[in-house]
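These notes concern the structure reproduced below.
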Amino acid sequence: MIEQVPLLAEINPGLWVILAGLICTLLPIGHARKAFVIAAPIFAGFLIFQINGLNPGAHFGGRLNFGPVELTTLRIDKLSVVWGYLFCLAGIINGIYALHEKCRMTDSSALIYTGAAIAGVLSGDMITLFIMWELTAISSVFLIWKGGDHAYAAGVRYLAIHVLSGVMLLAGAIMFAQANGGDFMFNEIGLDSPGGWLMLLAMGIKVGFPGLHMWMQDAYPKASITGTVILASFTTKFAVYALARGFAGEEILIWVGAIMTCFPVFFAVVENDLRRVLAYSLNNQLGFMVCGIGIGSALALNGVVGQVFVHVIFKGLLFMSIGAVMYRTGTAKASELGGLFRSMPYTAVFCLIGAASIAAVPLFAAFVTKAMILAAAVYDHHYIPFLMMLFASAGVMEHSGIKVPHFTFFAHDSGRRVKEAPWNMLTAMGIATFFCIYLAWPVGGYQNLYALMPYELDKAYVPYTIDHVVFQMQLLFAAIFAFTLLKRFKLYPAERRAEILDLDWTYRKMGLGIASWASAMWDRLSVQTGRLKTRVLGAAGRRLYQTFSPAGAASEATPSGLAAIMTAGLLFVVLMFEYFAK
Amino acid sequence: MSFLELIPDWLLIHGPAFLMALPLIMAAITAILPNKRVAWASTFIVTAILTLTAFSIALYNAEVGSTLYKMGGWAPPHGISLVIDALNAPVIVLIAVMAFITVIYAMPATIAEIKPNKRAPFYAAFLLSIAGLLGMVVSGDAFNVFVFLEVSSISTYVLVAMGAARDRRALSAAYNYLILGSIGATFFVIGVGFLYMETGTLNMADMARILADMDGGSRVSKIAFGFIVIGLGLKLAMFPLHAWLPGAYAYAPTPVTAFLASTATKAALYLLLRFTFFVFDPSYTYVADVLMFVLVGLGVIGMLFASLQAIFQTDVRRMLAFSSVAQVGYMLLGVGIATTASVAAGYLHLLNHAVIKGGLFLALGAMWYRFGITRTQDFQGLGQTMPWTMGAFTILGLSLVGVPFTAGFVSKINLAEAAADAGWWWAVGIIMLTSILALIYIGRVLLMAYFQSPPEVNGNVVDRNEAPLMMLFPMWVLAIASVVIGVEAGVMVDAATRAAELLLGTG
C-alpha cells in the first residue's frame, strides 16, 4: 500500500487518528463513530508497520520549512516505533472497552488524544512535539470533565498544569535550538544549557516527578470510567518517551526516579479511592522508568522500553477492571466494596492477573522488564537506588497486587450482587490479559518483546533463572506475609472515607486562599484603576479620533493650493538632503 | 515553451510596440463607436489580446533575457527605444491582466454607474489610460516616459470625473487630482530636463552610463533627482503627497478605482525604482541619503498615519484608499533599505498589493451595485445577503492584513526578513504594528458583516441578493490568485528577485 501511495510515508500516522477524531465530532451516528474509534488506531498501526518497513530503523518524512525552521514531522526509528505500536494497541483496547458508551465527546476527544500521542512520539522535531504535547492536554481534559460536576475544577487544574508544561517545553526548545544554531531536531538534549533544564522540568510535570505529580492523583480518579482508562495510557508514557529520547543517562534522573518509586507507596496504602490508589501506583511505576532512563545503559533503556510496553497494558487492565466494577456498582471506594468475586468472576480474574503483572510475579508481564531495570542498576553500582526500588517493588505488591483486588473482590462482603461487566469490557480486558501473559511467557513470549527493544545487547538478559525466580517469589511472599500480619493484628490502615491531600494541598488549599485574597484585593484595586483607565484610554481615543477621523485634523480636505505648497516644501527638504550629502 | 511556439514571431519581436500602439489606435476608434455594447466588446477584445501579448512577452523575456526594441529601426540614443527586462515584464503583465479583469467587470458596473451616452467615451478613455500605463512602463526613453505618463494621467482625470453620475463629489476630486497630477508630471519633466542638460541624452540606459562615468554628476543631476523623486512621489501617493488619492478612489466609477488602485500608482512606483536604481545609483551619496531619510522616513510615517486614518473612516472606499497609502509605505520601506532582498520584497508587495486592492475595490463595487453600500455600518449582515462577494472580500481582506497562506503574508514576511537581515529591527516592529492596525480596520468591517444580522426594511429582513456573475468572476479570480500566491509563492518571489538583482546589479 505504501508503495502505491508514497505520500503516506510523509504523513505522520497519528494525524489520521486525529482526523478520525475530528470527523467523530461531527458524526451523529454512534455505530459509525465506534467503527472509527476501532479502525483508526488499527490503520495507524498498519501504516507505522509499513513505513517502518521502508527504511527499517530510521525513517524521516514530512519535512516542512517555516522560514528558517525546518520541521521533521515524522520520524520512525527503533525507539519511537515501539511507542507508536504501543499507543495504537492501547487505542484499540481502549476503544473496545468504551464501546458501550454512547457519547460523541468521549469518542472524539479519545481519538484526538490518542492521535496526538501517536503523532507526538513519532514527531522528529521539538516544535511538532510541542504542538502534540499541548494537543494531548487539551483533548484529554474533556475526558476528565465527563466525570461529572465534581471533576470540573480538577479538569481546570489539570489543563492549567499541562499547558504550563507545554509552554515550558516550547521555551526550553527554543532556547536549546538557539544555542545549537537553530536546529530543532529532537535528539539528545542534556542538561548543559538552561533550555535543557526547562525542557526537563516540562517533561517532569508530565511524567509526575515527585513534587510535580499532584495533577495525576487529582484528575485521574475524577474522570469518567472510560476516561480514566484512556488517560492512564498516554500522557505519562508520552513524557517517558520524551525523557528517554532527550535525557537518557542523566545521573539526576536515577535519584528522582528512585524517590518517585517510593513516596507513592505510603499514600497508596492509606488511600480509600481505588482509582486513586491506582493513580499512585501509576506514579510509582513511572519512577522505575525514570530511574532506568537515568541509568542510561543499553540494558536499562531496553528495560524501560519493555516496561513501558507492558505497563500500559497491565495498568490499563487494572484501571479497566476497577472501571468495570465502578460501572456496575457506581463506586470505587474500598470501604464500600468487597466480595464481588461472586458476582463478577471474570473481572476478578482479570484484575488478579493485572495485579500479578504489576507486582512482577514470574510468568506475568513486569517480571521480565522490571528485572532488567533493577539488574541494570546493580551492574552500574547504583546500590542505594536499587534498594529503594526493591522496597518500592514490595510496596507495589502491597498496594496494587494485594490491596486493590483484595478490597474489591474479597475482604468482607459488601452484600452487593451485580451483573458481570458488559461483554465489550470483558473483551478489552481479555485482550490485555492475553498480552500480560504472552509478553512474559518463557518460551516464545518475552522474546517477542525483546525483538522490539531498540538497543543491541552483547548478551540478552535472561529473566528466567532459578536465582531470579526464587528471589522474586521471596520478595512477593514477604509482602503478602506482611499484609496478612498487619491485617491479622488490625494494624493495616482501615479503609476510611476520606480524601487524602498530599502536595496538592499547596494549591488546593493554600493556593485557593491566596487566590481568593488576591481576587478580593484585585476587586478593590480594579475599581480605582478602572476609573483611571477609562480616563486615560478615553483621552487617548478622543485624541486619536480628533486627529484621524474623517472629521479630524488629518482628514481635512487639503485644497490643491496647500497640497502644491506641501509638494514644494518636500522638494526643498529633498534638495537640502542632497545638498548636504557627503 | 510550447506556449511560445503558438505565438507568431512578429508578436514576440514587435510586441513592445504593439502593446501601446493597439490600445492607442483602438481608443480613437472606440470613441466614435455608436453602440456602447460594441464599445465594450472592442475594449474586451483589445484587453484580451494585450493580456496574451503581455504574457508571451514576459515568457519570452524569461527565455531570452532583456530585449531592446528600436522604434522604426532607429537605434538609440537618437531613436526611441522600448525595453523589456526582468523589471518591467511583471508590471506589464500586471497592467494587462488587471485591465482585462476590470473590463469584464465593467460590463455590469458601467450600466449602473455611467450615463449611456458617456459609455463609449468611457471605454475610449480607459483604453487610453491602458496605453499610457503600458507605454510608460516599456519605454526606454525618459521623455517618452513623461509623454505616456501624461497620456495615462489625463485619461484618468476624465475617468475619475465620470463618477459624477453616481456622486457629484467626483468632479472636485477629479479637479484636485488634475492639479496635483499635473504638478507631479511637471516636476518629473523638469527633472528629466535637468538630466538632459547634464548628460545630453534622453535614453535612460545612456543616462545611466554617462552618470556613472561622471561619478554621479554635478549639482545639476542632484536637482534632477530631487525633482524626479518628488514628481513620482506625488504620482505614487507617497505620504504626505497623497491628498489627491482618497477622493479620487472614493468617487471614481468602481472599475476605474479598481484599475487605478492596482496599476496607476504601481506604474509610478516602477518608474521610481527605474530611476533610483537604474538611471541613478544608490552608490551616489545623495541618492543613498534621499533613500534612507526621505523615502524610508515618509514611508514609515505614511504606514502609521494612513493606517490610523483608515481605522476611523466611515466610508469603506476611503478606508481602503488610506490603506493604499499605507501599503505604498511598505513598498517605499523596501526600496529604502536598498538591499537585494528588500527591493525584491518591496517589488513583490507592489504586485501582490495590486491583486489584493484591485479585488477589494471590485467587491466593494458589487456591494454598491446591489445595495448602494458605501459606509462601513452598512456592512451589517452582508455575510448573509451577499455571501460570495463577502467571501471574496474576506479572503482579500485577510490577505491585506497578512494572514499566512495569502499573498499579503508572503510579501510582508519577505519585507520583515529583509529588514531584519539589514539590521533594521525597528522596521520589523513597524511592519508588525501596522499589520495589527490593518487587522483592526479590516476586522471591523468583517465583524459587522458576519456577526450582525441583515437590516430590516419595512419590517422584512433584507433578502439574499448576490452580485451578477460578471462581477463575481473577476473578484474571485483575484481572491484565488491571492491565495495561490500565498501558498505557492515561488514564481512571484523569483520574478521579484530577478527584478531586484537587475536593479542592484547583483544578478
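The values are calculated or read from the model by the stated rules, or taken from the named source; none is laboratory data. Since this is a predicted model, take the numbers as computed values, not measurements. As a convention, Cβ positions derive from the backbone with ideal geometry for all residues, glycine included, and neighbour counts pool all protein chains shown.
Quick look at the numbers
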quantity: B:LEU269, sole failed condition from (1) within 24 Å of B:MET207 (Cα to Cα); (2) of a type outside the set (S, T, N, Q); (3) at pLDDT below 90; (4) buried (at least 24 other Cβ atoms within 10 Å of the Cβ); calculated: (3)
quantity: Of all residues in region B:415-462 being more than 12 Å from B:PHE379 (Cα to Cα), part of a helix (DSSP H, G or I) and aromatic (Phe, Trp, Tyr), the one that is nearest to the chain's Cα centre (by Cα); calculated: B:TYR441
quantity: Single unsatisfied condition, B:ILE413 versus (1) surrounded by fewer than 21 Cβ atoms within 10 Å (Cβ to Cβ); (2) under 19 Å from B:GLN313 (Cα atoms); (3) of a type in the set (A, V, I, L, M, F, W, C); calculated: (2)
quantity: Filter pass, A:ARG104 being touching a residue at least 60 places away in the same chain (Cβ under 8 Å), over 23 Å from A:ASN424 (Cβ atoms) and basic (Lys, Arg); calculated: no
quantity: Top-ranked residue in region A:86-119 [being more than 16 Å from the chain's Cα centre (by Cα) and of a type in the set (Ser, Thr, Tyr); ranked as modelled with the highest pLDDT]; calculated: A:TYR97
quantity: Residue list for region B:190-204, restricted to those being buried (at least 20 other Cβ atoms within 10 Å of the Cβ), assigned to a helix (DSSP H, G or I) and not hydroxyl-bearing (Ser, Thr, Tyr); calculated: B:GLY191, B:VAL192, B:PHE194, B:LEU195, B:GLU198, B:MET204
quantity: Counted residues, region A:549-566 - those being surrounded by fewer than 16 Cβ atoms within 10 Å (Cβ to Cβ), at pLDDT 75 or above and either within 7 Å of another protein chain (Cβ to nearest Cβ) or under 59 Å from the mean Cα position of the chain (by Cα) (or both); calculated: 0
quantity: Among (1) over 24 Å from the mean Cα position of the chain (by Cα); (2) without any contact (Cβ under 8 Å) to a residue 24 or more places away in the chain, the one test that B:LYS118 misses; calculated: (2)
quantity: Boolean, A:LEU503 is outside any helix (DSSP H, G or I), surrounded by 14 or more Cβ atoms within 10 Å (Cβ to Cβ) and either within 14 Å of another protein chain (Cβ to nearest Cβ) or modelled with pLDDT under 75 (or both); calculated: yes
quantity: Pairs, first farther than 16 Å from A:ASN94 by Cβ and modelled with pLDDT under 85 in region A:23-47, second among the small types (Gly, Ala, Ser) and in a helix (DSSP H, G or I), C-beta under 8 Å, six or more apart; calculated: A:THR25/A:SER108
quantity: Neighbours by Cβ (under 7 Å, 6+ apart or cross-chain): first from region B:495-507, touching a residue at least 24 places away in the same chain (Cβ under 8 Å); second in a loop (DSSP other than H, G, I, E, B) and buried (at least 21 other Cβ atoms within 10 Å of the Cβ); calculated: B:ARG498/B:ALA86; B:ALA499/B:ALA86; B:ALA499/B:LEU87; B:LEU502/B:ALA86; B:LEU502/B:LEU87; B:LEU503/B:LEU87
quantity: Region A:50-82, residues that are part of a strand (DSSP E or B), more than 10 Å from A:LEU122 (Cβ to Cβ) and small (Gly, Ala, Ser); calculated: A:ALA58
quantity: Sole residue being more than 18 Å from A:MET132 (Cα to Cα), surrounded by fewer than 23 Cβ atoms within 10 Å (Cβ to Cβ) and touching a helix residue (DSSP H, G or I) at 6+ places or on another chain (Cβ under 7 Å), chosen from A:ILE51, A:ILE29, A:ILE23; calculated: A:ILE23
quantity: The lone exception for B:VAL487 - which of (1) closer than 19 Å to B:ALA345 by Cα; (2) buried (at least 21 other Cβ atoms within 10 Å of the Cβ); (3) aliphatic (A, V, I, L, M) it fails; calculated: (2)
quantity: Pick from region A:326-352, criterion crowded, with 24+ Cβ neighbours inside 10 Å and either modelled with pLDDT of 85 or more or among the β-branched types (Val, Ile, Thr) (or both), ranking: farthest from the chain's Cα centre (by Cα); calculated: A:THR347
quantity: Total residues in region B:217-234, condition touching a Gly at 6+ places or on another chain (Cβ under 9 Å) and within 11 Å of chain A (Cβ to nearest Cβ); calculated: 12
quantity: Test: B:LEU234 is in contact (Cβ under 8 Å) with a residue 24 or more places away in the chain, in contact with a His (Cβ under 9 Å, 6 or more places away or on another chain) and among the hydrophobic types (A, V, I, L, M, F, W, C); calculated: yes
quantity: The listed residue being more than 9 Å from chain A (Cβ to nearest Cβ) and not hydroxyl-bearing (Ser, Thr, Tyr), out of B:PHE278, B:PHE312; calculated: B:PHE278
quantity: Sole exception among (1) assigned to a helix (DSSP H, G or I); (2) within 14 Å of chain A (Cβ to nearest Cβ); (3) closer than 18 Å to B:ARG498 by Cα for B:GLY297, by number; calculated: (3)
quantity: Helices (runs of 4 or more DSSP H) (entirely within region A:182-261) containing at least 3 residues that are polar (S, T, N, Q) and buried (at least 23 other Cβ atoms within 10 Å of the Cβ); calculated: A:225-246
quantity: One residue from A:GLN546, A:GLN528 being under 30 Å from B:ALA173 (Cα atoms), more than 8 Å from chain B (Cβ to nearest Cβ), in a helix (DSSP H, G or I) and at pLDDT below 80; calculated: A:GLN546
quantity: Only listed residue being within 12 Å of A:LYS403 (Cβ to Cβ), touching a residue at least 60 places away in the same chain (Cβ under 8 Å) and not small (Gly, Ala, Ser), chosen from A:LEU286, A:LEU274, A:LEU301; calculated: A:LEU274
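Let's see how each residue does on (1) more than 19 Å from the chain's Cα centre (by Cα); (2) more than 28 Å from B:TYR123 (Cα to Cα); (3) without any contact (Cβ under 8 Å) to a residue 40 or more places away in the chain:
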site: B:THR47; (1), (2), (3): no, no, no
site: B:ALA58; (1), (2), (3): no, no, yes
site: B:ASN61; (1), (2), (3): yes, yes, yes
site: B:LEU68; (1), (2), (3): yes, yes, no
site: B:PRO77; (1), (2), (3): yes, yes, no
site: B:SER81; (1), (2), (3): yes, yes, no
site: B:LEU87; (1), (2), (3): no, yes, no
